[in-house]
Amino acid sequence: MELPFAESWKIKMVEPIRKSTRQEREQWLKEAHYNVFQLRAEQVYIDLITDSGTGAMSDRQWAGLMMGDESYAGARSFFRLKDTIRRLTGFEYVIPTHQGRAAENVLFSYLVHEGDVVPGNSHFDTTKGHIEGRKAKALDCTIDEARQTQLEIPFKGNVDPAKLERALQEQGEHIPFILVTITNNTAGGQPVSMQNLREVRALADKYGKPVLFDSARFAENAYFIKTREEGYAGKSIKEIAREMFGLADGMTMSAKKDGIVNMGGFIATRREDWYEGAKGYCVQYEGYLTYGGMNGRDMEALAIGLDENTEFDNLETRIRQVAYLAQKLDEYGIPYQRPAGGHAIFVDATRVLTHVPREEFPAQTLTIELYLEAGIRGCEIGYLLADRDPMTRQNRFDGLDLLRLAIPRRVYTDNHMNVIAAALKNVYDRRESITRGVRIAWEAPLMRHFTVQLERLS
Ligand code: F0G
(Lines give C-alpha, C1' and ligand atoms only; values in the text may rest on other atoms or scores of the structure.)
Protein backbone atom coordinates (compact mmCIF):
# COMPACT_ATOMS: atom_id res chain seq x y z
CA MET A 1 0.00 0.00 0.00
CA GLU A 2 1.28 3.46 -0.85
CA LEU A 3 1.91 5.48 2.26
CA PRO A 4 -0.29 8.56 2.64
CA PHE A 5 1.18 12.05 2.73
CA ALA A 6 2.01 13.63 6.08
CA GLU A 7 3.59 16.82 7.39
CA SER A 8 7.37 17.25 7.19
CA TRP A 9 7.50 18.39 10.84
CA LYS A 10 6.21 17.41 14.25
CA ILE A 11 4.81 19.71 16.91
CA LYS A 12 6.87 20.75 19.94
CA MET A 13 4.74 23.54 21.38
CA VAL A 14 1.00 24.17 21.27
CA GLU A 15 -1.20 27.20 21.82
CA PRO A 16 -4.75 26.58 23.08
CA ILE A 17 -7.62 28.02 21.07
CA ARG A 18 -11.19 28.25 22.20
CA LYS A 19 -14.55 27.62 20.61
CA SER A 20 -17.44 29.93 21.35
CA THR A 21 -21.22 29.77 21.12
CA ARG A 22 -23.20 31.29 18.31
CA GLN A 23 -24.85 33.59 20.83
CA GLU A 24 -21.44 34.91 21.96
CA ARG A 25 -20.35 35.45 18.38
CA GLU A 26 -23.55 37.31 17.51
CA GLN A 27 -22.85 39.69 20.38
CA TRP A 28 -19.13 40.13 19.63
CA LEU A 29 -19.65 40.75 15.95
CA LYS A 30 -22.36 43.28 16.63
CA GLU A 31 -19.98 45.11 18.97
CA ALA A 32 -17.36 44.95 16.20
CA HIS A 33 -19.84 46.63 13.79
CA TYR A 34 -19.78 43.51 11.58
CA ASN A 35 -16.14 44.15 10.74
CA VAL A 36 -13.92 41.16 11.60
CA PHE A 37 -10.84 43.39 11.88
CA GLN A 38 -12.50 44.89 14.95
CA LEU A 39 -12.85 41.56 16.77
CA ARG A 40 -10.46 40.52 19.50
CA ALA A 41 -8.34 37.57 18.38
CA GLU A 42 -9.58 35.63 21.42
CA GLN A 43 -13.07 35.79 19.96
CA VAL A 44 -11.83 33.78 16.97
CA TYR A 45 -11.54 29.98 16.86
CA ILE A 46 -9.65 29.52 13.57
CA ASP A 47 -7.98 32.68 12.32
CA LEU A 48 -7.55 32.95 8.56
CA ILE A 49 -7.41 36.72 8.33
CA THR A 50 -3.87 36.57 6.97
CA ASP A 51 -0.85 34.33 6.44
CA SER A 52 1.37 37.31 7.27
CA GLY A 53 3.40 37.13 10.46
CA THR A 54 1.14 34.33 11.72
CA GLY A 55 3.35 31.35 10.89
CA ALA A 56 4.96 29.04 13.45
CA MET A 57 8.74 29.31 13.73
CA SER A 58 10.79 26.13 13.92
CA ASP A 59 12.90 25.00 16.88
CA ARG A 60 15.96 26.16 14.94
CA GLN A 61 14.48 29.61 14.46
CA TRP A 62 13.62 29.88 18.16
CA ALA A 63 17.14 28.77 18.98
CA GLY A 64 18.40 31.45 16.60
CA LEU A 65 16.60 34.10 18.64
CA MET A 66 18.96 33.38 21.52
CA MET A 67 21.91 33.95 19.22
CA GLY A 68 20.76 37.35 18.00
CA ASP A 69 23.40 40.05 18.05
CA GLU A 70 21.77 43.30 19.14
CA SER A 71 24.72 45.55 18.29
CA TYR A 72 23.53 48.83 16.85
CA ALA A 73 26.01 48.78 13.98
CA GLY A 74 27.58 45.84 12.19
CA ALA A 75 25.67 43.12 14.05
CA ARG A 76 26.68 39.54 13.25
CA SER A 77 23.00 38.70 12.71
CA PHE A 78 22.81 41.25 9.91
CA PHE A 79 25.73 39.67 8.10
CA ARG A 80 24.24 36.22 8.53
CA LEU A 81 20.98 37.48 7.02
CA LYS A 82 22.78 39.27 4.23
CA ASP A 83 24.86 36.21 3.35
CA THR A 84 21.74 34.04 3.30
CA ILE A 85 19.87 36.47 1.04
CA ARG A 86 22.87 36.76 -1.25
CA ARG A 87 23.15 32.99 -1.50
CA LEU A 88 19.42 32.51 -2.17
CA THR A 89 18.89 35.41 -4.57
CA GLY A 90 22.26 36.41 -5.98
CA PHE A 91 21.64 40.02 -4.91
CA GLU A 92 24.69 41.80 -3.58
CA TYR A 93 23.11 44.64 -1.59
CA VAL A 94 20.69 44.13 1.29
CA ILE A 95 18.74 46.69 3.33
CA PRO A 96 16.68 45.29 6.22
CA THR A 97 13.32 46.92 7.04
CA HIS A 98 10.69 46.23 9.66
CA GLN A 99 8.21 44.73 7.17
CA GLY A 100 7.31 44.61 3.47
CA ARG A 101 5.60 47.95 3.16
CA ALA A 102 8.59 49.58 4.83
CA ALA A 103 10.84 48.11 2.13
CA GLU A 104 8.46 49.62 -0.43
CA ASN A 105 8.54 52.96 1.34
CA VAL A 106 12.33 53.09 1.46
CA LEU A 107 12.94 51.96 -2.12
CA PHE A 108 10.06 53.89 -3.68
CA SER A 109 11.17 57.07 -1.93
CA TYR A 110 14.15 56.84 -4.24
CA LEU A 111 12.54 55.34 -7.35
CA VAL A 112 8.95 56.63 -7.66
CA HIS A 113 8.02 60.24 -8.40
CA GLU A 114 4.93 62.26 -9.29
CA GLY A 115 3.61 61.38 -12.74
CA ASP A 116 5.34 57.99 -12.88
CA VAL A 117 3.62 54.80 -13.99
CA VAL A 118 4.54 51.44 -12.46
CA PRO A 119 3.20 48.54 -14.56
CA GLY A 120 3.01 44.98 -13.25
CA ASN A 121 0.69 42.15 -12.27
CA SER A 122 -1.80 43.07 -9.53
CA HIS A 123 -0.01 45.35 -7.06
CA PHE A 124 -0.67 44.58 -3.43
CA ASP A 125 -2.67 47.29 -1.56
CA THR A 126 0.28 48.78 0.31
CA THR A 127 2.41 48.71 -2.83
CA LYS A 128 -0.32 50.53 -4.68
CA GLY A 129 -0.64 52.89 -1.73
CA HIS A 130 3.07 53.73 -1.82
CA ILE A 131 2.87 54.38 -5.56
CA GLU A 132 -0.37 56.39 -5.50
CA GLY A 133 0.74 58.27 -2.40
CA ARG A 134 3.58 59.64 -4.53
CA LYS A 135 1.04 60.77 -7.15
CA ALA A 136 2.13 58.01 -9.50
CA LYS A 137 0.01 55.28 -11.09
CA ALA A 138 0.00 51.52 -10.47
CA LEU A 139 -0.95 49.96 -13.81
CA ASP A 140 -2.35 46.44 -13.56
CA CYS A 141 -1.19 44.31 -16.51
CA THR A 142 -2.29 40.91 -15.14
CA ILE A 143 -3.61 38.44 -17.72
CA ASP A 144 -7.39 38.67 -18.24
CA GLU A 145 -7.83 34.99 -17.37
CA ALA A 146 -7.13 35.83 -13.71
CA ARG A 147 -10.60 37.36 -13.49
CA GLN A 148 -12.39 34.16 -14.50
CA THR A 149 -12.51 32.31 -11.21
CA GLN A 150 -13.64 29.00 -12.65
CA LEU A 151 -10.95 28.80 -15.33
CA GLU A 152 -8.15 26.44 -14.37
CA ILE A 153 -4.74 27.40 -15.73
CA PRO A 154 -1.38 26.77 -14.04
CA PHE A 155 0.03 30.31 -13.92
CA LYS A 156 -2.89 32.62 -13.38
CA GLY A 157 -0.71 35.28 -11.75
CA ASN A 158 1.18 36.06 -14.97
CA VAL A 159 1.82 39.47 -16.47
CA ASP A 160 0.19 39.95 -19.88
CA PRO A 161 3.21 40.74 -22.09
CA ALA A 162 1.02 42.54 -24.66
CA LYS A 163 -0.42 44.87 -22.02
CA LEU A 164 3.04 45.47 -20.60
CA GLU A 165 4.53 46.24 -24.00
CA ARG A 166 1.73 48.69 -24.77
CA ALA A 167 2.46 50.49 -21.51
CA LEU A 168 6.17 50.57 -22.30
CA GLN A 169 5.52 51.95 -25.77
CA GLU A 170 2.97 54.54 -24.74
CA GLN A 171 4.24 55.62 -21.33
CA GLY A 172 7.84 54.44 -21.38
CA GLU A 173 9.39 57.70 -20.30
CA HIS A 174 7.28 57.71 -17.10
CA ILE A 175 8.09 54.13 -16.12
CA PRO A 176 10.84 53.85 -13.49
CA PHE A 177 10.64 50.03 -13.28
CA ILE A 178 8.39 47.03 -13.87
CA LEU A 179 6.99 45.31 -10.78
CA VAL A 180 6.20 41.60 -10.64
CA THR A 181 4.47 40.26 -7.53
CA ILE A 182 5.32 36.61 -6.86
CA THR A 183 2.96 34.98 -6.09
CA ASN A 184 0.17 37.25 -7.20
CA ASN A 185 -1.70 37.67 -3.91
CA THR A 186 -4.55 39.80 -5.22
CA ALA A 187 -5.35 37.34 -8.03
CA GLY A 188 -5.66 34.53 -5.49
CA GLY A 189 -2.12 33.57 -4.52
CA GLN A 190 -1.58 32.55 -8.12
CA PRO A 191 1.95 31.88 -9.38
CA VAL A 192 3.93 33.49 -12.18
CA SER A 193 5.78 31.11 -14.53
CA MET A 194 9.50 31.27 -15.23
CA GLN A 195 8.59 31.66 -18.89
CA ASN A 196 6.56 34.75 -18.02
CA LEU A 197 9.37 36.18 -15.88
CA ARG A 198 11.67 35.68 -18.89
CA GLU A 199 9.22 37.48 -21.17
CA VAL A 200 9.03 40.39 -18.73
CA ARG A 201 12.83 40.53 -18.60
CA ALA A 202 13.06 40.55 -22.40
CA LEU A 203 10.60 43.45 -22.62
CA ALA A 204 12.41 45.29 -19.85
CA ASP A 205 15.70 44.91 -21.73
CA LYS A 206 14.10 45.97 -24.99
CA TYR A 207 12.88 49.20 -23.42
CA GLY A 208 15.79 49.67 -21.04
CA LYS A 209 13.81 49.32 -17.79
CA PRO A 210 14.72 47.56 -14.56
CA VAL A 211 12.55 44.84 -13.00
CA LEU A 212 11.59 44.65 -9.33
CA PHE A 213 10.01 41.60 -7.70
CA ASP A 214 7.58 41.96 -4.79
CA SER A 215 8.74 38.66 -3.35
CA ALA A 216 6.57 38.06 -0.27
CA ARG A 217 5.74 34.51 -1.44
CA PHE A 218 8.64 33.76 -3.79
CA ALA A 219 9.29 30.29 -2.33
CA GLU A 220 5.68 29.25 -2.94
CA ASN A 221 6.05 30.58 -6.47
CA ALA A 222 9.19 28.47 -6.94
CA TYR A 223 7.27 25.41 -5.70
CA PHE A 224 4.62 25.94 -8.38
CA ILE A 225 7.30 26.34 -11.06
CA LYS A 226 8.87 23.08 -9.94
CA THR A 227 5.59 21.17 -9.89
CA ARG A 228 3.80 22.77 -12.86
CA GLU A 229 6.29 24.11 -15.38
CA GLU A 230 8.03 21.92 -17.91
CA GLY A 231 11.72 21.42 -17.31
CA TYR A 232 11.77 22.26 -13.59
CA ALA A 233 10.74 19.00 -11.90
CA GLY A 234 14.37 18.01 -11.38
CA LYS A 235 15.53 21.34 -10.01
CA SER A 236 15.65 22.25 -6.34
CA ILE A 237 13.59 25.14 -4.94
CA LYS A 238 16.82 27.01 -4.23
CA GLU A 239 17.98 26.59 -7.83
CA ILE A 240 14.62 27.80 -9.12
CA ALA A 241 14.64 30.79 -6.75
CA ARG A 242 18.12 31.76 -7.95
CA GLU A 243 16.95 31.52 -11.55
CA MET A 244 13.86 33.65 -10.82
CA PHE A 245 15.86 36.37 -9.11
CA GLY A 246 18.41 36.21 -11.91
CA LEU A 247 15.69 37.82 -14.04
CA ALA A 248 15.23 40.81 -11.72
CA ASP A 249 17.26 43.84 -10.70
CA GLY A 250 16.04 43.74 -7.15
CA MET A 251 13.33 42.71 -4.74
CA THR A 252 11.24 43.99 -1.88
CA MET A 253 10.28 41.34 0.65
CA SER A 254 7.70 41.03 3.36
CA ALA A 255 9.53 38.38 5.38
CA LYS A 256 6.34 37.75 7.37
CA LYS A 257 5.19 35.32 4.70
CA ASP A 258 7.82 33.06 3.13
CA GLY A 259 10.48 34.08 5.67
CA ILE A 260 8.24 32.58 8.39
CA VAL A 261 8.94 35.28 10.96
CA ASN A 262 6.40 37.35 12.83
CA MET A 263 7.90 40.65 11.73
CA GLY A 264 10.52 41.67 9.19
CA GLY A 265 11.33 42.61 5.65
CA PHE A 266 14.12 43.75 3.36
CA ILE A 267 15.22 45.18 0.05
CA ALA A 268 17.85 43.32 -1.97
CA THR A 269 19.36 44.36 -5.27
CA ARG A 270 22.27 43.90 -7.63
CA ARG A 271 22.19 47.62 -8.54
CA GLU A 272 24.59 49.81 -6.63
CA ASP A 273 22.65 52.94 -7.66
CA TRP A 274 19.46 51.59 -6.06
CA TYR A 275 21.33 50.72 -2.90
CA GLU A 276 23.06 54.08 -2.72
CA GLY A 277 19.81 55.90 -3.50
CA ALA A 278 17.67 54.00 -1.00
CA LYS A 279 20.01 53.70 1.95
CA GLY A 280 19.52 57.25 3.19
CA TYR A 281 15.76 56.62 3.38
CA CYS A 282 16.41 53.49 5.40
CA VAL A 283 18.30 55.52 7.97
CA GLN A 284 15.59 58.17 7.94
CA TYR A 285 12.54 55.88 8.20
CA GLU A 286 13.70 52.53 9.55
CA GLY A 287 17.04 52.65 11.31
CA TYR A 288 20.73 52.22 10.72
CA LEU A 289 21.67 50.11 7.68
CA THR A 290 22.57 46.95 9.57
CA TYR A 291 19.22 46.61 11.35
CA GLY A 292 16.66 48.79 9.54
CA GLY A 293 13.84 48.30 12.03
CA MET A 294 14.63 44.68 12.89
CA ASN A 295 15.95 43.22 16.11
CA GLY A 296 19.19 41.27 15.77
CA ARG A 297 17.38 38.16 16.99
CA ASP A 298 14.70 38.57 14.34
CA MET A 299 17.32 38.85 11.59
CA GLU A 300 18.83 35.63 12.92
CA ALA A 301 15.44 33.85 12.86
CA LEU A 302 14.73 35.21 9.39
CA ALA A 303 18.01 33.91 7.97
CA ILE A 304 17.10 30.45 9.25
CA GLY A 305 13.47 30.75 8.09
CA LEU A 306 14.48 31.68 4.55
CA ASP A 307 16.75 28.68 4.34
CA GLU A 308 14.14 26.28 5.71
CA ASN A 309 11.31 27.56 3.58
CA THR A 310 13.27 27.18 0.36
CA GLU A 311 13.37 23.43 0.98
CA PHE A 312 10.87 21.33 -0.95
CA ASP A 313 9.47 19.32 1.98
CA ASN A 314 8.43 22.37 3.94
CA LEU A 315 6.72 23.93 0.93
CA GLU A 316 5.07 20.68 -0.07
CA THR A 317 3.49 20.34 3.38
CA ARG A 318 2.23 23.89 3.15
CA ILE A 319 0.84 23.93 -0.37
CA ARG A 320 -0.72 20.50 -0.01
CA GLN A 321 -2.66 21.73 3.01
CA VAL A 322 -4.14 24.58 1.00
CA ALA A 323 -4.92 22.09 -1.79
CA TYR A 324 -6.52 19.77 0.77
CA LEU A 325 -8.93 22.50 1.82
CA ALA A 326 -9.67 23.18 -1.86
CA GLN A 327 -10.43 19.52 -2.45
CA LYS A 328 -12.95 19.59 0.40
CA LEU A 329 -14.64 22.64 -1.13
CA ASP A 330 -14.75 20.77 -4.44
CA GLU A 331 -16.55 17.92 -2.72
CA TYR A 332 -19.15 20.38 -1.46
CA GLY A 333 -19.40 22.29 -4.75
CA ILE A 334 -18.27 25.61 -3.26
CA PRO A 335 -16.82 27.94 -5.94
CA TYR A 336 -13.39 29.53 -5.40
CA GLN A 337 -10.63 31.03 -7.53
CA ARG A 338 -9.25 28.00 -9.37
CA PRO A 339 -6.79 26.39 -9.08
CA ALA A 340 -6.08 26.72 -5.34
CA GLY A 341 -3.43 29.35 -4.62
CA GLY A 342 -0.27 29.02 -2.58
CA HIS A 343 -1.29 30.76 0.61
CA ALA A 344 -5.05 30.97 0.54
CA ILE A 345 -8.38 29.93 -0.90
CA PHE A 346 -10.43 32.79 -2.33
CA VAL A 347 -14.13 31.89 -2.26
CA ASP A 348 -16.10 33.52 -5.07
CA ALA A 349 -18.80 35.17 -2.95
CA THR A 350 -20.91 36.47 -5.83
CA ARG A 351 -21.38 32.85 -6.96
CA VAL A 352 -22.39 31.75 -3.49
CA LEU A 353 -24.64 34.56 -2.27
CA THR A 354 -26.37 35.14 -5.58
CA HIS A 355 -29.32 36.91 -3.97
CA VAL A 356 -27.28 39.53 -2.12
CA PRO A 357 -27.00 42.62 -4.33
CA ARG A 358 -23.48 43.90 -4.90
CA GLU A 359 -24.45 47.15 -3.15
CA GLU A 360 -24.86 45.03 -0.02
CA PHE A 361 -21.37 43.48 -0.26
CA PRO A 362 -21.72 39.70 -0.81
CA ALA A 363 -18.13 38.80 0.20
CA GLN A 364 -18.38 40.75 3.44
CA THR A 365 -21.74 39.08 4.08
CA LEU A 366 -20.13 35.67 3.56
CA THR A 367 -17.27 36.64 5.89
CA ILE A 368 -19.86 37.48 8.54
CA GLU A 369 -21.82 34.27 7.98
CA LEU A 370 -18.69 32.11 8.28
CA TYR A 371 -17.67 33.79 11.52
CA LEU A 372 -21.15 33.38 12.99
CA GLU A 373 -21.28 29.76 11.86
CA ALA A 374 -18.05 28.57 13.50
CA GLY A 375 -15.87 31.41 14.76
CA ILE A 376 -13.70 31.26 11.64
CA ARG A 377 -12.26 34.62 10.60
CA GLY A 378 -11.56 35.11 6.91
CA CYS A 379 -11.25 38.44 5.23
CA GLU A 380 -13.02 40.24 2.45
CA ILE A 381 -10.97 40.95 -0.66
CA GLY A 382 -13.72 42.58 -2.61
CA TYR A 383 -15.95 45.58 -3.00
CA LEU A 384 -15.29 46.97 0.49
CA LEU A 385 -11.53 46.67 0.12
CA ALA A 386 -11.72 48.24 -3.34
CA ASP A 387 -12.70 51.56 -1.74
CA ARG A 388 -14.47 54.30 -3.70
CA ASP A 389 -13.26 55.82 -6.94
CA PRO A 390 -11.21 58.86 -5.87
CA MET A 391 -12.89 61.06 -8.49
CA THR A 392 -16.54 59.96 -8.62
CA ARG A 393 -16.72 58.67 -5.00
CA GLN A 394 -18.74 55.71 -6.30
CA ASN A 395 -18.11 52.22 -4.97
CA ARG A 396 -15.88 50.22 -7.30
CA PHE A 397 -17.73 47.09 -8.39
CA ASP A 398 -15.55 46.22 -11.37
CA GLY A 399 -13.25 43.73 -9.62
CA LEU A 400 -13.88 40.36 -7.99
CA ASP A 401 -15.71 40.00 -4.69
CA LEU A 402 -13.94 37.30 -2.73
CA LEU A 403 -13.69 35.86 0.76
CA ARG A 404 -10.03 35.05 1.40
CA LEU A 405 -9.18 32.18 3.69
CA ALA A 406 -5.45 32.67 4.25
CA ILE A 407 -3.72 29.70 5.83
CA PRO A 408 -0.94 30.47 8.33
CA ARG A 409 2.22 28.39 7.84
CA ARG A 410 2.73 25.35 10.10
CA VAL A 411 -0.09 26.45 12.44
CA TYR A 412 -3.28 24.49 11.83
CA THR A 413 -3.78 20.81 11.07
CA ASP A 414 -5.90 19.20 8.38
CA ASN A 415 -8.56 18.68 11.04
CA HIS A 416 -8.90 22.44 11.18
CA MET A 417 -9.24 22.43 7.39
CA ASN A 418 -12.11 19.94 7.78
CA VAL A 419 -13.84 22.29 10.21
CA ILE A 420 -13.39 25.26 7.86
CA ALA A 421 -14.81 23.32 4.92
CA ALA A 422 -17.75 21.98 6.92
CA ALA A 423 -18.60 25.43 8.27
CA LEU A 424 -18.53 26.85 4.76
CA LYS A 425 -20.71 23.99 3.55
CA ASN A 426 -23.29 24.79 6.21
CA VAL A 427 -23.39 28.41 5.03
CA TYR A 428 -23.45 27.24 1.41
CA ASP A 429 -26.38 24.91 2.09
CA ARG A 430 -28.51 27.78 3.32
CA ARG A 431 -27.31 30.28 0.72
CA GLU A 432 -30.76 30.60 -0.86
CA SER A 433 -32.11 32.00 2.39
CA ILE A 434 -29.43 34.70 2.60
CA THR A 435 -30.91 37.54 0.61
CA ARG A 436 -29.68 40.64 2.37
CA GLY A 437 -26.17 41.86 3.14
CA VAL A 438 -24.78 44.89 4.93
CA ARG A 439 -24.95 48.66 4.74
CA ILE A 440 -22.09 51.04 5.50
CA ALA A 441 -22.83 53.13 8.60
CA TRP A 442 -19.41 54.82 8.73
CA GLU A 443 -16.28 54.62 6.62
CA ALA A 444 -12.84 56.20 6.37
CA PRO A 445 -11.95 57.94 3.10
CA LEU A 446 -9.11 55.48 2.32
CA MET A 447 -8.36 51.85 3.32
CA ARG A 448 -11.86 51.76 4.72
CA HIS A 449 -12.06 47.99 5.23
CA PHE A 450 -9.97 48.06 8.43
CA THR A 451 -12.29 50.40 10.30
CA VAL A 452 -15.58 50.40 8.42
CA GLN A 453 -18.70 50.15 10.58
CA LEU A 454 -21.52 48.11 9.08
CA GLU A 455 -25.15 47.36 9.77
CA ARG A 456 -26.76 44.05 8.87
CA LEU A 457 -29.80 44.32 6.68
CA SER A 458 -32.75 42.00 7.06
N1 F0G B 1 3.40 42.58 -0.92
C2 F0G B 1 2.53 41.57 -0.88
C3 F0G B 1 2.35 40.71 -2.09
C4 F0G B 1 1.79 41.33 0.28
O5 F0G B 1 0.91 40.33 0.30
C6 F0G B 1 1.99 42.16 1.41
C7 F0G B 1 1.23 41.94 2.65
C8 F0G B 1 2.93 43.19 1.32
C9 F0G B 1 3.62 43.38 0.14
C10 F0G B 1 3.20 44.12 2.48
O11 F0G B 1 3.96 43.49 3.42
O12 F0G B 1 2.49 43.40 5.44
O13 F0G B 1 4.96 43.02 5.60
O14 F0G B 1 4.07 45.27 5.16
N15 F0G B 1 0.24 41.17 2.72
C16 F0G B 1 -0.52 40.80 3.90
C17 F0G B 1 -1.74 40.04 3.50
C18 F0G B 1 -0.80 41.91 4.87
O19 F0G B 1 -2.57 39.77 4.38
O20 F0G B 1 -1.87 39.65 2.34
P21 F0G B 1 3.85 43.82 4.99
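The values are calculated or read from the model by the stated rules, or taken from the named source; none is laboratory data. Because the structure is a prediction, the values reported are computed rather than measured. Heads up, the Cβs are rebuilt from the backbone with ideal geometry, glycines too, and the neighbour counts pull from every protein chain shown.
At-a-glance table
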| quantity | calculated |
| --- | --- |
| Counted residues, segment 91-111 - those being touching a residue at least 40 places away in the same chain (Cβ under 8 Å), closer than 18 Å to Thr181 by Cβ and out of contact with any Cys (no Cβ under 8 Å at 6 or more places or on another chain) | 10 |
| One residue from Lys30, Lys10 being of a type in the set (Lys, Arg) and within 20 Å of Tyr324 (Cα to Cα) | Lys10 |
| Test result for Phe108, assigned by TED's automatic domain parsing to the domain that holds Ser215 and within 16 Å of the ligand (Cβ to nearest atom) | yes |
| Residue in segment 430-440 that is under 25 Å from Gly55 (Cα atoms) and aliphatic (A, V, I, L, M) present | no |
| Residue in segment 45-65 that is loosely packed, with under 15 Cβ neighbours inside 10 Å, at pLDDT 95 or above, part of a loop (DSSP other than H, G, I, E, B) and out of contact with any Gly (no Cβ under 7 Å at 6 or more places or on another chain) present | no |
| In segment 113-130, the residues that are within 15 Å of the ligand (Cβ to nearest atom) and touching a residue at least 40 places away in the same chain (Cβ under 8 Å) | Val118, Gly120, Asn121, Ser122, His123, Phe124, Asp125, Thr127, Gly129 |
| Condition broken by Met299, with the remaining ones in (1) without any contact (Cβ under 8 Å) to a residue 40 or more places away in the chain; (2) within 18 Å of Arg87 (Cβ to Cβ) satisfied | (1) |
| Pro119 being part of a loop (DSSP other than H, G, I, E, B), more than 18 Å from the chain's Cα centre (by Cα) and surrounded by 15 or more Cβ atoms within 10 Å (Cβ to Cβ) | no |
| Subset of segment 150-177 [free of Cβ contacts under 8 Å to residues at least 60 places away in the same chain, acidic (Asp, Glu) and more than 14 Å from Ala204 (Cβ to Cβ)] | Asp160, Glu170, Glu173 |
| In segment 358-376, the residues that are surrounded by 23 or more Cβ atoms within 10 Å (Cβ to Cβ) and under 15 Å from Ala386 (Cα atoms) | Phe361, Pro362, Ala363, Gln364 |
| Flag for Ala73 being outside the structural domain of Leu370 (by TED's automatic domain parsing) and assigned to a helix (DSSP H, G or I) | no |
| Count - residues of segment 257-306 that are within 11 Å of the ligand (Cβ to nearest atom), crowded, with 24+ Cβ neighbours inside 10 Å and of a type outside the set (A, V, I, L, M) | 6 |
| The lone exception for Leu29 - which of (1) outside the structural domain of Thr290 (by TED's automatic domain parsing); (2) surrounded by fewer than 19 Cβ atoms within 10 Å (Cβ to Cβ); (3) touching a helix residue (DSSP H, G or I) at 6+ places or on another chain (Cβ under 8 Å); (4) among the hydrophobic types (A, V, I, L, M, F, W, C) it fails | (2) |
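So that you can scan it fast, the table gives a plain yes or no per residue for (1) assigned to a loop (DSSP other than H, G, I, E, B); (2) among the polar types (S, T, N, Q):
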{"position": "Ile260", "(1), (2)": "yes, no"}
{"position": "Cys282", "(1), (2)": "no, no"}
{"position": "Gly293", "(1), (2)": "yes, no"}
{"position": "Leu315", "(1), (2)": "no, no"}
{"position": "Tyr324", "(1), (2)": "no, no"}
{"position": "Gln327", "(1), (2)": "no, yes"}
{"position": "Gly341", "(1), (2)": "yes, no"}
